[in-house]
Amino acid sequence: MQQTAGPRGTVIQAYLGESGPRTREASDAVLVRSTESRLTARAHSWQLGRIPGCDFRDCGDVVVTPLTYNRHFPAYYLGVLLDGEGLVSQRGADGTERTVPLGQGRMVLYSRSRPFRLQVRGPYHYLVLEVTPSVLGVGQDALAAATVSEDLASAPSAALVTGLLGQLPDQLGRMSAQLRLQAADAVTSLLAGHLQAPRTTRGPNEDLFERILLWIEHRLGDPGLSPDAIAAAHHISTRYLHKVFQQQALTVAGYVRARRLELVHRDLGDPARRAEPVSAVARRWGIPDPSHLSKAFRSRYGTSPREHRERAAVAALADDRPLPG
């Protein structure tokens, strides 16, 4: 991480694990203005698989704005305030100005491609992670819609994510490379689950829907899993099964495909399974056709199964290196 003091504040850059030479236009560069005579924040950068992050601690109040921004850069900040209070403001994709208050354990998503303002009152402890559509396996529109969203900040999935991330800074030194990848999978799965199907109340047929999901989960390895088989097992018509999923803004086939891809994605990123052929991993989760796997995997994650495995291997090696002090 680099800090450069100036008349307007302190420029901080290279805090999200990016490598290579730095310039004033680094994509993660921010301008930090503090109520103290000089910035005294302590920062610790880290990496969870393909998710770079950093946690900041300081006693003073700060205002953070981007030094530069690229309108075509698809990355987002995921901010979690563990101690202190603050606000995040940014203009949403629809052009309206949005503000989300932050308190202990609150989470917010904001774009790196548009101006933002993060105001935090100290003493504070703030985590920031970089997430992208390809890492989460969701569309750009879903992330844009959740930008500076109170719905995300107060969602049950947010509470689970912040609970996990709240332990991260103190536990990183004790976590193996494999455990860090598993933690990254948990974070991305919870966040993607909210972005793909945000819900605040239980809808009709919710209990039936949960029973069906559990039944499907135990049979994802069966390539013959079909809507007809699912419906028959629950003594309902196939038409009614589709209605139950439509009430959750899902399709039966889409849900089964997504869960299989998530599990293939998880297993291909597991260092302990590195010697297992990609085709064997896919067959275990009910995808016997390699060409179908490759097309569906790239559509969801923006990369091929083999490329994902290679990147996970590189991330695992990086996680095995000693952490910076």
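Largest GNM mean-square fluctuation among His265, His308, His235, using the chain with Cα springs under 10 Å: His235. Candidates Gly103, Thr147, Val135 compared by Cα position along the dipole of region 97-148: farthest toward the positive end lies Gly103, with charges placed on Cβ.
Of the two radii for region 83-215, the radius of gyration is 0.99 times the Kirkwood radius, both from the alpha carbons; that is the Rg over Rh value.
Under a Cβ-Cβ cut-off of 13 Å, what is the net charge of the residues other than Thr162 that fall near it, where Lys and Arg count +1 and Asp and Glu count -1? Write out the running numbers ahead of the final one.
Values: positive: Arg106; negative: Asp55, Asp83.
Value of the local net charge: -1.
Net charge of the neighbourhood of Val135, taken over other residues with C-beta under 12 Å away and scored Lys/Arg +1, Asp/Glu -1, is +1. The string of couplings for region 132-149 from the Karplus curve (6.51, -1.76, 1.60, θ = phi - 60°) is 10, x, 5, 5, 7, x, 10, x, 4, 5, 5, 5, 4, 5, 8, 4, 6, 10 Hz, one whole number per residue in order, with x for Gly and Pro. For region 1-142, the share of alpha carbon pairs falling in successive 5 Å distance bins from zero is 2, 10, 19, 24, 23, 14, 6, 1, 0 percent.
Between Ala232, Ala145, Ala312, the GNM of the chain built on Cα springs shorter than 10 angstrom shows Ala232 fluctuating the most. Within the shell defined by Cβ-Cβ distances under 15 Å, the residues around Asp222 carry a net charge of +3, with Lys and Arg each +1 and Asp and Glu each -1.
Largest mean-square fluctuation among Gly173, Gly269, Gly193, in a Gaussian network model of the chain whose springs join Cα atoms under 10 Å apart, belongs to Gly173.
Taking amide H positions as modeled 1.01 Å from N, with prolines and chain starts lacking one, the residues under 5 Å from Asp28 and 5 or more places away or on another chain are Ala14.
Can you compute the helix-only [θ] at 222 nm over the chain? Use -39500 (n - 2.57) per DSSP H run of at least 4 residues, normalise by all residues, nearest 500 deg cm²/dmol.
One gets -12000 deg cm²/dmol as the mean residue ellipticity at 222 nm.
The numbers here are math on the coordinates, done by the rules we state, and not lab data. Note that the structure is a prediction, hence the values are computed from the model and not measured. A quick note on method: Cβ atoms are made from the backbone with ideal geometry, for glycine too, and the neighbour counts reach across all protein chains shown.
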